[in-house]
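Let me begin by presenting the structure, written as structure tokens, before commenting on it.
The values are calculated or read from the model by the stated rules, or taken from the named source; none is laboratory data. Since we're looking at a predicted model, the values are computed, not measured. Cβ placement follows ideal geometry from the backbone for every residue including glycine, while neighbour counts extend to all protein chains displayed.
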Amino acid sequence: MPTITVATQPSYEIAITPGGLTQLGAAMVSAGLGTKSRRTLVISNPQIWHFYGDRTLKSLTAAGFEPEYLLLPAGERYKNASSLQKIYDAALHHQLERSSAMIALGGGVIGDMAGFGAATWLRGLPIVQVPTSLLAMVDSAIGGKTGINHPQGKNLIGAFHQPRLVWMDPEVLQTLPPREFRTAMAEVIKYGVIWDVALFGLLESLPRLDGMRYLAPDALLEILTRCAQAKAQVVAQDEKEGGLRAILNYGHTIGHGIEAVTHYRRYTHGEAVALGMVAAGRSPKPWDFGPPRSAIAKTP
Ligand SMILES: NC(=O)c1ccc[n+]([C@@H]2O[C@H](COP(=O)([O-])OP(=O)(O)OC[C@H]3O[C@@H](n4cnc5c(N)ncnc54)[C@H](O)[C@@H]3O)[C@@H](O)[C@H]2O)c1
Ligand SMILES: [Zn+2]
């Protein structure tokens, strides 16, 4: 199954394994976790826990971990300081040590919050990202950006904290609500435009992209792999967004504007980014102009 190395310091692996949730514990042991402290804290939400909680706990216990878990309310509006406080309270209550891992089992909201909790509790303990949404798999679980929202703005509080392992099981996407799948596809198309022309070709060749059920398992696997490779390559070259990493924001300037003027209610993030990419693609760039019109008019 595809494994991609993210060449940060230290480096880490992204593994994409259909049905692999049951092997999470073993994969963590292979990544060097659990040697000093066996205690782990899984952070998730009730929607995801309902489907995948048992499997996750069993897998961790089977590999010798002592898992505890914390469920935070679902939704972007709970990506805030009060949820973060709950993470700290659970870490204290369960006596996590600096070598105890936190595990984010969820979409980007859980991944960002758990990642930030792990970055800051005891000045940093390991985080394992187990993305369950398409957006988290192709984007947020990779690259180490973590954080929460401030009442005045999104993602204003945060830290860079690279995961020790990103463990993806594409089969969990079967329970993802269809709109969440579609919206993340905009970010997939983005990688095709900014980085990977072969991915763009693959996407064009597929009959439909707007639902998990329209994609053959091998096509989905290739999409996930290519997106993870793209993000890993960008992040390895520019971990803290000094320059190149900003390429990942293609379509986002106008997209964020659309989200803001519609009060984050009408469009999902991916829908707004899709509109933003169309608009950015149409807007004239200096290199599109060719000779000035006046010069053309004067040419005999
Ligand atoms: N850190 C980064 O680099 C980065 C990059 C992009 C986005 N983000 C952040 O990611 C967040 C958005 O992430 P998202 O789109 O995953 O949203 P999300 O985490 O809110 O998940 C979307 C919904 O799907 C549900 N869900 C997730 N997986 C499921 C599954 N397998 N089965 C059933 N339900 C499931 C969730 O409970 C939630 O209701 C935003 O907060 C954004 O700021 C971070
Ligand atoms: Zn985005």
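Mind checking whether some residue in segment 145-159 is within 23 Å of Y214 (Cα to Cα) and among the small types (G, A, S)?
Residues of segment 145-159 that are within 23 Å of Y214 (Cα to Cα), as a first pass: none.
No, that holds for no residue.
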Worksheet item: Mind checking which residues of segment 170-187 are over 20 Å from L199 (Cα atoms) and touching a residue at least 60 places away in the same chain (Cβ under 8 Å)?
Response: E171, V172, T175, R179, E180
Fill in: Selected residue (criterion: nearest to ligand 2 (Cβ to nearest atom)) from residues of segment 63-80 that are assigned to a helix (DSSP H, G or I) and surrounded by 13 or more Cβ atoms within 10 Å (Cβ to Cβ)
E76
Fill in: Failed criterion for G32 (all others in (1) more than 16 Å from ligand 1 (Cβ to nearest atom); (2) modelled with pLDDT under 95 hold)
(2)
Discussion item. Please verify whether E271 is within 14 Å of ligand 1 (Cβ to nearest atom), touching a residue at least 60 places away in the same chain (Cβ under 8 Å) and touching a Lys or Arg at 6+ places or on another chain (Cβ under 9 Å), treating the condition exactly as stated.
Written reply: yes
Item to complete: Check L41, L60 and return the single one that is assigned to a helix (DSSP H, G or I) and either modelled with pLDDT under 95 or more than 16 Å from ligand 2 (Cβ to nearest atom) (or both).
Response: L60
Response to the item:
The condition of being within 15 Å of ligand 2 (Cβ to nearest atom) and either under 16 Å from L215 (Cα atoms) or in contact with a Lys or Arg (Cβ under 7 Å, 6 or more places away or on another chain) (or both) holds, among V172, V188, only for V188
Worksheet item: Take the residues of segment 138-169 that are of a type in the set (D, E, K, R) and in a loop (DSSP other than H, G, I, E, B): which is surrounded by the most Cβ atoms within 10 Å (Cβ to Cβ)?
Response: D169
